[in-house]
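Read the structure below first, then the notes.
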Amino acid sequence: MRLSRYFLPVLKENPAEAQIVSHRLMLRAGMIKQSAAGIYSWLPLGLKVLKNIETIVHEEQAKAGHLAMLMPTIQSADLWRESGRYDDYGEEMLRIKDRHGRDMLFTPTAEELITDIFRGHVTSYKDMPLTVYQIQWKFRDERRPRFGVMRGREFYMKDGYNFDLTKEDAMHAYNRHLVSYLRTYERMGLQAIPMRADSGPIGGDDTHEFLVLAETGESEVFYDSAVTDLTFGDRDINYDDKAQCQSIMEEFTTKYARTDETHDEALFAEVPQERRKVARGIEVGQIFYFGTKYSEAMGATVQDADGKQVPVHMGSHGIGVSRLVGAIIEASHDDKGIIWPEGVTPFHCGIVNLKQGDAEADAACEDLYRQLTKAGLEPLYDDRNERAGGKFATMDLIGLPWRLTVGPRGLKNGVVELTCRKTGDSEELTPEAAIAKVIAQYM
Ligand code: ATP
Ligand code: MG
């Protein structure tokens with residue numbers, strides 16, 4: 001992409017309405033624009049990051065054997081009356097009437113609809129286990145939408161649902177989600193710690209929230225600092241292997257880590273004093289096992305091997321896809337702007353031409369651009385006729401992990417400059433070596 005043809009409405013001033021750094025930087029970097037309280041347009045740069053996050057979620061769900069589908073945002077109230085949640089959900093639910101006066105709503109989550117689909121098509125234990133998910137816009141009429149996309153009213157969420165014959169199978173589904181989520185967040189450059197949580201209006205017994213530690217987080221968390229030493233890394237996972245998934249779940253959830261809702265002072269006191277941490281965190285996902293709550297209320301039963309009708313065991317599992325954009329920025333920025341982890345960056349590399357219009361500099365930039373593109377990467381070439389300082393400030397603000405700087409002086413010596421956004425380190429390399437190094441970062 002050439003910046004001269006892009007739509008990147010960066011702001012020079014700090015927007016007054018933004019209280020936290022991710023919100024500020026998303027507005028300043030031209031990623032989003034508010035259209036109403038808690039409702040945003042995603043501008044081209046923001047959308048790219050959102051889509052990258054979405055892609056990682058899809059890829060990791062596919063590895064776990066979960067099937068992608070898509071359900072409507074507008075749903076009929078009838079199903080929600082069946083489960084009892086039409087009344088329970090309260091003011092957070094956006095209620096709508098169609099032209100015939102029928103009660104509709106904008107989906108805040110989709111347990112009812114997926115249970116309805118399931119009961120209409122699955123009748124035998126032979127059709128299970130089944131886990132499906134979608135990545136779809138949700139609406140919750142939050143009392144206090146704030147912090148930009150972190151607590152929106154309209155937000156993008158992955159919601160997955162498992163249907164199993166037994167509690168044991170459903171717990172395997174739970175563990176599969178836990179494992180796949182650990183991997184998902186790590187690919188985004190995040191450490192998200194599973195913490196024992198409270199199930200809230202979704203209901204249920206077993207639930208963990210995934211929290212990214214950040215001062216601006218809305219949840220108070222209590223944990224054994226040893227949990228922050230755990231990394232998932234590059235493990236070979238067989239998602240059909242119940243014992244393997246169970247042991248990873250235990251590895252990541254045995255040490256004390258809880259949100260304030262389930263915090264237990266007595267248990268916490270057993271953690272060695274120097275490892276006891278109280279901090280704040282951003283909830284980026286949650287997994288639930290809720291057994292037969294919806295299947296019983298909505299008659300989602302199957303025939304088991306003995307020919308008996310039994311209600312299915314279910315769970316639901318969410319990832320805050322749009323919130324993650326903000327959470328990643330909270331975890332990775334400096335006073336100049338965003339620092340994108342390579343896994344989600346909107347462009348792989350920036351190219352800054354220090355002297356636009358200089359025949360040699362222009363040609364060298366074009367060549368870098370062509371070669372990076374040919375290698376399957378997406379560079380962002382700042383080809384505007386602007387001062388170098390302004391170009392650097394924009395690149396730092398939008399946070400691309402790597403920047404190539406090209407100017408007549410370097411070219412005389414046969415070099416360009418390669419700068420790492422995270423460390424600020426620069427080195428002079430031949431264009432070929434610089435390209436090879438950038439490509440190697442994404443292999
Ligand atoms: P919270 O406690 O933050 O209100 P929740 O527990 O009600 O969230 P879930 O039903 O667990 O949310 O939804 C799954 C994920 O969707 C959450 O972990 C969070 O990352 C994201 N999410 C929930 N509400 C919002 C919101 N208003 N704006 C952006 N993301 C949200
Ligand atoms: Mg939650």
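What's the Cα-based Rg to Rh of the chain, Rh via Kirkwood? Checking Rg against Rh, the ratio lands at 1.02. Ignoring lysines fewer than eight residues from LYS277 along the same chain, the ones with Cα atoms less than 19 angstrom from its Cα are LYS255. For the chain, the 222 nm mean residue ellipticity estimated from helices alone, with every DSSP H stretch of n ≥ 4 adding -39500 (n - 2.57) and the total spread over all residues, rounds to -10000 deg cm²/dmol.
Whole Å is fine, so just give me how far the alpha carbon centre of the range 31-55 lies from that of the range 255-315. Going from one Cα centre to the other spans 31 Å.
Sorting THR123, THR292 by accessible area puts them as THR123, THR292; the probe is 1.4 Å, largest comes first, and only protein heavy atoms count. Among 234-241, 138-145, the peptide with the highest mean count of other Cβ atoms within 10 Å heads the list, and the full ranking is 138-145, 234-241.
For the chain, the fraction of 1.4 Å probe accessible surface lying on carbon and sulfur atoms is 47 percent. Cross-link reach is defined here as a Cα-Cα straight distance under 27 Å, omitting same-chain residues fewer than 8 places apart; for LYS391 the lysines meeting it are LYS12, LYS33, LYS48, LYS51, LYS336, LYS355, LYS374, LYS412, LYS422, LYS437. Quick one: work out the % antiparallel among DSSP beta bridges in the range 314-443, nearest 5. Bridges in the range 314-443 are about 55 percent antiparallel. Working from Cα pairs under 8 Å separated by at least six residues, relative contact order for the chain is 17 percent.
The distance separating the Cα centre of the range 145-216 from that of the range 389-443 comes to 37 Å. Straight-line reach from LYS97: taking Cα to Cα under 13 Å and skipping same-chain neighbours fewer than 8 places apart, the aspartates and glutamates in range are ASP78.
If VAL415, VAL10 are ordered by their accessible area, calculated over protein heavy atoms with a 1.4 Å probe, which sequence runs from highest to lowest?
VAL10, VAL415
Projecting the Cα atoms of ASN52, ALA16, ILE439 onto the charge dipole of the chain (Cβ charges, centred on the Cα centre) puts ALA16 farthest toward the positive pole. Derived scalar couplings between HN and Hα for the range 97-107 equal 10, 8, 5, 8, x, 7, 6, 10, 8, 8, 4 Hz in order, rounded to whole Hz, by the Karplus curve 6.51 cos²θ - 1.76 cosθ + 1.60 (θ = phi - 60°), x for Gly and Pro. Taking packing as the residue-averaged number of other Cβ atoms within 10 angstrom, the listed peptides 307-318, 260-271 run from highest to lowest as 307-318, 260-271. Looking at the chain, the DSSP beta bridges with both ends there are about 85 percent antiparallel. For the chain, the longest principal axis of the C-alpha atoms and the axis of helix 431-441 are separated by about 10°. The mean sequence distance of close C-alpha pairs (under 8 Å, at least 6 residues apart), as a share of the length of the range 67-179, puts its relative contact order at 26 percent. Heavy atoms of the protein chains alone define the surface here; on that basis the chain has 44 Å² accessible area per residue at 1.4 Å probe size.
The values are calculated or read from the model by the stated rules, or taken from the named source; none is laboratory data. In this text, all values refer to a predicted model and were calculated from it rather than measured experimentally. Neighbour counts run over all protein chains shown; Cβ positions are idealised from the backbone, glycine included. Note: areas computed on protein heavy atoms with side chains; ligands, DNA, RNA excluded. Shrake-Rupley method; radii C 1.70, N 1.55, O 1.52, S 1.80 Å.
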